[in-house]
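The block underneath contains the structure these notes are about, expressed in structure tokens.
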Amino acid sequence: MTPSVRNVLDDLEKYVRSENYRGYDPYDALNSPLMPVLTLGTRAGRIAWTQIMRRCPVNPRPLFRIRKTFNPKGLGLFLWGYAKLFSIQPDECYMDRIRHLMDLLETMKSPGCSGNGWGYNFDWQSRAFFIPKYTPTIVNSAFIGHALLDTHHRTGLNRALDLALPIRDFILKDLNRTEQGHCFCFSYTPLDTTAVHNANLLGASFLYRLSDRMNDSELRETALNSMMYSLNRQRDDGSWYYAESRYQRWIDSFHTGFNLQALRYFLDRNTVPDLEPAYRRGVSFYANSFFLDDGTPKYYCNRIYPIDIHSPAQAVVFFSGFDHEYSGLTDRILNWMIGHMRDPRGYFYFRYSPVLTNRIPYIRWNQAWVFHALTEYCLHRAETG
């Protein structure tokens with residue numbers, strides 16, 4: 001844990017605490033009370049205003065009466081980071097923040113779930129479907145679930161496990177499935193039937209970890225069947241399309257990282273004979289396709305700009321988990337991120353390009369992901385010396 005990285009992490013933590021973990025989000029346009037009029041209540045209008053707000057390099061949200069709010073996924077990532085900091089240095093101040101974040105997550109559970117699930121704090125219109133705010137998603141619930149399992153492991157707080165266990169019922173009972181033979185793909189929410197690979201793998205990996213904790217062979221088999229759906233759709237070069245729909249067949253950096261992070265949970269338990277070569281093929285594609293020699297991260301393998309903060313942050317999360325093989329790449333990406341996307345006030349920017357940088361300090365998309373990344377880097381450096 002080098003002092004420079006620790007100083008960056010401390011400054012970021014001061015910033016997010018000063019904001020009380022609240023903030024804006026790139027996709028929160030529909031939180032404006034003016035949007036029903038501005039969008040004319042149409043799908044096209046909702047998409048257009050969301051994209052206008054997301055792409056705007058200055059922040060117009062106060063003009064549209066959009067307020068800073070808690071984002072459940074952001075809270076889960078902050079919780080995950082504090083659990084790692086407590087593991088490095090078991091200070092009571094970290095425990096206080098862990099308890100506070102679990103209190104917030106408790107109050108923000110989505111209503112009407114079979115178990116525990118979390119959604120976004122804004123309405124969300126995609127090309128495929130409309131999702132009202134707080135509709136539970138497999139991505140949010142799985143990320144929060146992983147954070148809760150690690151919090152229990154690193155702190156011993158039973159409350160973290162109590163919050164994590166019921167996520168199983170939401171995933172198994174409320175989500176739809178795209179089936180092919182004995183394999184299947186979980187849907188993103190209970191309201192759609194899309195087959196999104198990072199969402200499916202994140203949910204499967206959480207269930208797999210939970211099956212170990214519960215010694216539940218049936219749950220383990222379900223998780224494996226879900227994982228195999230996406231593993232079977234890995235391309236020959238090691239990559240995955242974002243999703244199976246024709247208009248969603250792009251390949252980007254951070255979703256590739258999510259896929260591999262999820263597969264690592266299965267690989268760690270060494271129960272899938274064919275997983276190792278597929279995983280290694282994916283890691284090779286990720287490392288060789290999305291980063292320049294100086295650590296500059298790319299959004300797509302064939303295009304550099306604009307660089308989204310998710311790309312370096314997820315890369316640091318993932319590659320920090322290797323003991324030595326990718327330590328040089330990890331450090332180059334980390335140094336690039338700190339050098340190009342960090343504000344002197346301690347927070348991190350949304351998107352960077354040499355011509356125009358979007359410096360809006362989104363709380364979930366920017367700060368929570370970098371907090372997760374920096375704490376992951378520090379944890380692995382502390383554990384490996």
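The magnitude of the dipole of the chain, with charges of +1 and -1 set on the Cβ of Lys/Arg and Asp/Glu and taken from the Cα centre, is near 1300 debye.
For Asp294 and Asp323, what is the calculated FRET efficiency with R₀ set at 22 Å and r taken between the beta-carbons, to the nearest 0.05? Plugging the Cβ-Cβ distance into 1/(1 + (r/R0)^6) gives 0.45. For His340, His146, the sequence from fewest to most other C-beta atoms within 10 Å is His340, His146. Computing Kirkwood radius over Cα pairs in Å directly from the structure and comparing it against (i) 22.8; (ii) 21.1; (iii) 22.0 singles out (ii). Pop a pseudo-label 7 angstrom from the Cα along the beta-carbon direction at both Lys173 and Arg249 and give the gap in nm to one decimal. So the two model labels end up 3.8 nm from each other.
With a ≥ b ≥ c the root eigenvalues of the C-alpha gyration tensor of region 236-385, is it rounded (a/c under 1.5), prolate (a/b larger than b/c) or oblate?
Working: a/c = 1.86, a/b = 1.27, b/c = 1.47.
Cα axes put region 236-385 in the oblate bin.
Each label point was placed 7 Å from the Cα along the Cα-to-Cβ direction; for Arg43 and Ala128 their separation is 1.4 nm. Restricting attention to the chain, the count of lysine pairs at 8 or more positions apart or across chains with alpha carbons under 29 Å apart stands at 19. Computed over the alpha-carbon atoms, region 29-68 gives an Rg to Rh ratio of 0.94, Rh here being the Kirkwood radius from the mean inverse distance. By other beta-carbon atoms within 10 Å, ranking Val196, Val139 with the fewest at the front produces Val139, Val196.
Counted by neighbouring Cβ atoms within 10 Å, the residues His153, His372 run from fewest to most as His153, His372. Spacing of the modelled spin labels on Asn335 and Arg55, each 7 Å from Cα toward Cβ, amounts to 3.5 nm. Note: relative contact order over region 14-96, using C-alpha pairs below 8 Å and six or more positions apart, is 32 percent.
How far, in nm, would the chain grow between Ser353 and Arg264 when pulled straight, counting 0.36 nm per residue and subtracting the alpha carbon separation?
Numbers: separation 89, 0.36 × 89 = 32.04 nm, distance 3.17 nm.
Value of the extension gain: 28.9 nm.
Close amide H partners of Ile131, meaning residues 5 or more places away or on another chain with modelled amide H under 5 Å apart, are Trp124, Gln125, Ser126. Calculated mean residue ellipticity at 222 nm for the chain: -16500 deg cm²/dmol, from DSSP H runs with n ≥ 4 weighted as -39500 (n - 2.57), summed, divided by the residue count and rounded to 500. Can you list residues from other chains, or at least 5 along the same chain, whose modelled amide H is less than 5 Å from the amide H of Tyr120? Residues meeting the criterion, in which the H sits 1.01 Å from N, are Tyr134, Thr135.
Coordinate-derived values only; no laboratory data. Predicted, not measured: the structure shown is a model, and the values here were computed from it. Cβ: placed from backbone, ideal geometry, glycine included. Neighbour counts: every protein chain shown.
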